[in-house]
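**Student:** Got a structure for you, written out below as structure tokens; questions coming shortly.
Laboratory data are not the source of any read-out in this text; all were calculated from the coordinates shown. Computed from a predicted structure; not experimentally measured. Here the Cβ is made from the backbone with ideal geometry for all residues, glycine too, and neighbour counts use every protein chain on show.
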Amino acid sequence: MASTTPIDTPPAPPAKSSPGGSTGRMGDTIFSGLSKGSGILLLVIMATIAAFLTYRATLAISQNEGNFLTTFDWNPAGDPPVFGIAVLLFGTVVSSVIALVIAVPVAVGIALFISHYAPRRLAAPLAYVVDLLAAVPSIIYGIWGALFLVPYLDGLNLWLDQYFSWTYIFDQTQPGVARNMFTVGILLAIMILPIITSVSREVFLQVPRMNEEAALALGATRWEVIRMSVLPFGRSGVISASMLGLGRALGETMAVATVLSPNFLMSLHLLDPGGGTFAQNIAAKFDEADQFGRDALIASGLVLFLLTLLVNGAARLIIARRKEYSGANA
């Protein structure tokens, strides 16, 4: 019989991918469509919010007899209506800056302790407790601040006024209960502390182990390892965490409204009672306002909306400039 040689069959050609990178499978097509749709939906929602705020704000500002940006008074129900955001913008920025100045160093220290110093048996429960603080409702912080923090800060205010009045900001010209911007800043610092700590901790845990071991092998101390390897690597992450905390501080409502004694006086004496923020003013006056008054409050909300976008945009620019520290381009 004649021998037959097997004929090699050529391999099947690879599946052709579509120009968009899809392999043509139904699951990939559905997932791609859902992803694109989600992104487009987010942009539509943001544009809708911006359009609504702009429209209602224009109705109020067009009838305002004062300068919306520089007027210290808030009287949209007057004849003529006069209102402005100068005091609200000042109070919002000042209280948020105080919160960041207090919270960021403490949060970074806690994150470093959990990630590089604490034993594993202690680090896990401590991280859980810190994360749990982020879930506490803001009204609980407000009640605690009004009933516990305010009374106990009276002594601190007197001490700061006695020894640091030369700094001007701690010069208490109107003695009274500690319902002031300094107290609000401390309360906001406590509220944003778990957010900054959690994000910073996760960033510090991503530091390449070889970098730390190489520094230790060269004779570096634990602090030198953190200063030369951990902090530069996590710098952009800490900035991102700080911006997340700043976003919550800028828009916090109930805790500030519970603690602060609001007025429309702008002062750099942080220990004097009074002040105001955008969110607190909206929450306090929205129910009692008429249609025009609500449009005026919405106008102030538009400024807060733009301020938040500005802060997030600045954070993105800072992170982009510091990309070499983030490890993302490794």
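**Student:** Cut-off is 10 Å between beta-carbons; in what order do E213, E252 appear when sorted fewest neighbours first?
**Tutor:** E213, E252
**Student:** Given a 10 angstrom Cα cut-off, can you work out which residue in A57, A99, A135 is the most mobile in a GNM of the chain?
**Tutor:** It is A135.
**Student:** Next question. For the stretch 90-281, what is the charge dipole size about the Cα centre, in debye to the nearest 20, if Lys and Arg each add +1 at the Cβ and Asp and Glu each add -1 at the Cβ?
**Tutor:** Approximately 500 debye in magnitude.
**Student:** If you fit an axis through the alpha-carbon atoms of helix 120-133 and take the longest principal axis of the Cα set of the chain, what angle between them do you get, 0 to 90°, nearest 10?
**Tutor:** Taking the Cα atoms of the chain, the angle to 120-133 is about 50 degrees.
**Student:** Rank T54, F170, L158 by how far each Cα sits towards the positive end of the charge dipole of the chain (+1 on Lys, Arg Cβ; -1 on Asp, Glu Cβ) and give me just the farthest.
**Tutor:** Sorting the options by dipole projection puts first T54.
**Student:** Return the label of the correct value of log10 I(q)/I(0) by the Debye sum over Cα atoms at q = 0.07, 0.10, 0.12, 0.15 Å⁻¹, as calculated from the structure shown, out of (1) -0.26, -0.54, -0.81, -1.34; (2) -0.39, -0.74, -0.95, -1.16; (3) -0.43, -0.77, -1.01, -1.27.
**Tutor:** Structure-derived value, by its label: (3).
**Student:** Okay, next question. Given the options L317, L34, L100, which has the most mean-square fluctuation in a GNM of the chain, springs set between C-alpha atoms less than 10 angstrom apart?
**Tutor:** Of L317, L34, L100, the Gaussian network model singles out L34 as fluctuating most.
**Student:** Specify which residue in the list V87, A103, I196 is farthest towards the positive end of the charge dipole of the chain, using unit charges on the beta carbon of Lys, Arg (+1) and Asp, Glu (-1), about the Cα centre.
**Tutor:** Comparing the listed Cα positions along the dipole, I196 ranks first.
**Student:** Could you check the spin-label model distance between D171 and E65? Points 7 Å from the Cα along Cα→Cβ, value in nm.
**Tutor:** With each label point 7 Å from Cα toward Cβ, the separation is 3.5 nm.
**Student:** Nearest 500 deg cm²/dmol is fine: what mean residue ellipticity at 222 nm does the chain get from its DSSP H runs of n ≥ 4 alone, each adding -39,500 (n - 2.57), divided by its residue count?
**Tutor:** When only DSSP H runs of four or more count, the value is -20500 deg cm²/dmol.
**Student:** Rounding to the nearest 20 debye, state how big the charge dipole of the chain is about its Cα centre with +1 on each Lys and Arg Cβ and -1 on each Asp and Glu Cβ.
**Tutor:** With only Lys, Arg, Asp and Glu charged at Cβ, the dipole is about 1220 debye.
**Student:** Right, something else. Work out how much length L43 to N211 would gain on full extension: take 0.36 nm times their residue separation and subtract the Cα-Cα distance, in nm to one decimal.
**Tutor:** Difference between extended and current length: 56.5 nm.
**Student:** Starting at 0 and stepping by 5 Å, how many percent of the alpha carbon pairs of the stretch 187-302 end up in each bin?
**Tutor:** With 5 Å bins starting at 0, P(r) equals 2, 10, 14, 13, 13, 10, 9, 8, 7, 6, 4, 2, 1, 0.
**Student:** Ok, one more. Among R248, R121, which comes first, then next, by fewest other beta-carbon atoms within 10 Å?
**Tutor:** R121, R248
**Student:** Something else about it: Order by neighbour count: M266, M243, M26, fewest other Cβ atoms within 10 Å first, most last.
**Tutor:** Listing M266, M243, M26 from fewest to most nearby Cβ atoms yields M26, M266, M243.
**Student:** Determine the gain in length on full extension of the stretch L317-R222; use 0.36 nm per residue of separation and subtract their C-alpha separation, reporting nm with one decimal.
**Tutor:** 31.1 nm
**Student:** Please give the length that would be gained between E202 and L147 if that part of the chain were fully extended, namely 0.36 nm times their separation in residues minus their C-alpha to C-alpha distance (nm, one decimal).
**Tutor:** That pair, E202 and L147, stretches by 16.4 nm at full extension.
**Student:** Sticking with this structure for a sec: Taking Cα atoms, how many degrees apart are the long axis of helix 291-321 and the longest axis of the chain, rounded to 10 and kept between 0 and 90?
**Tutor:** It works out to around 50 degrees.
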